[in-house]
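Report on the following structure.
Read the figures in this text as sums done on the coordinates, not as results from a lab. Quick caveat, the model's predicted, so the values are computed rather than measured. As a convention, Cβ positions derive from the backbone with ideal geometry for all residues, glycine included, and neighbour counts pool all protein chains shown.
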Amino acid sequence: MEKIMALSTRSLGFDLKGDPRIDFSFLLGEVTRLLRLAFDREMEAIGLTRSQWHVLVYVLKLDSPTQTELAEALDIARPSVGALIDQLENSGYVSRERDAADRRVWRIVPTRLARQRAEDFAKSAERVAARAFASVEADDLAESASVLSAIRDALKSQETAP
């Protein structure tokens, strides 16, 4: 992989090898991809896709969000969230209920099945986390979270900058 990266960047007229920020960025991407795969395997075992599970977690966390609120929280398009909600509704995990204050708005509500299975979902996530972070000390994890938060904040501030 390193040879491929060096060749591809050299052909562009520059060499990124040795820049710890770039190396960290690629490592972060690889770790993220591997975590997604691990979650995919766990979710498949309980009959959900990662995307469905992700939406369901937010439905449980956000206390009956609207489709728009879910789309914003997940940073995906509203129609994509709608399709995932349809799948979860067909599987019995969520239902759509009219908002009491605004009859034009539909709330996405976890069903009894979702609440009953929430512990199974949490255990699946815990299994992935236990494997992924088995050799990482709590202090190191906290420091890493702090570094990632700083990077996230810097990138977010660039998004909103004129």
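Descriptive notes on the structure:
- Using the rule -39500 (n - 2.57) for each DSSP H run of four or more residues, divided by the residues of the chain, the 222 nm mean residue ellipticity is -23500 deg cm²/dmol.
- Hull-based mean projected area of segment 38-107, where the convex hull spans the alpha carbons, in square nanometres: 4.8
- Of 31, 57, 147, the one that fluctuates the most in a GNM where the chain has Cα springs shorter than 10 Å: 147
- For segment 33-40, Karplus couplings with θ = phi - 60° (6.51, -1.76, 1.60), whole Hz, Gly/Pro x: 4, 5, 5, 4, 4, 4, 5, 4
- For residue 111, distant residues with modelled amide H under 5 Å away: 94, 95
- The mean sequence separation of alpha-carbon pairs under 8 Å and at least six residues apart, normalised by the residue count of the chain, gives a relative contact order of 17 percent.
- Formal net charge of residues neighbouring residue 65 (Cβ-Cβ distance under 15 Å; K, R +1; D, E -1): -3
- Residue-wise HN-Hα couplings along segment 102-112, as the Karplus relation 6.51 cos²θ - 1.76 cosθ + 1.60 with θ = phi - 60° gives them from phi, are 9, 5, 7, 9, 10, 9, 9, 10, x, 7, 4 Hz; Gly and Pro carry x.
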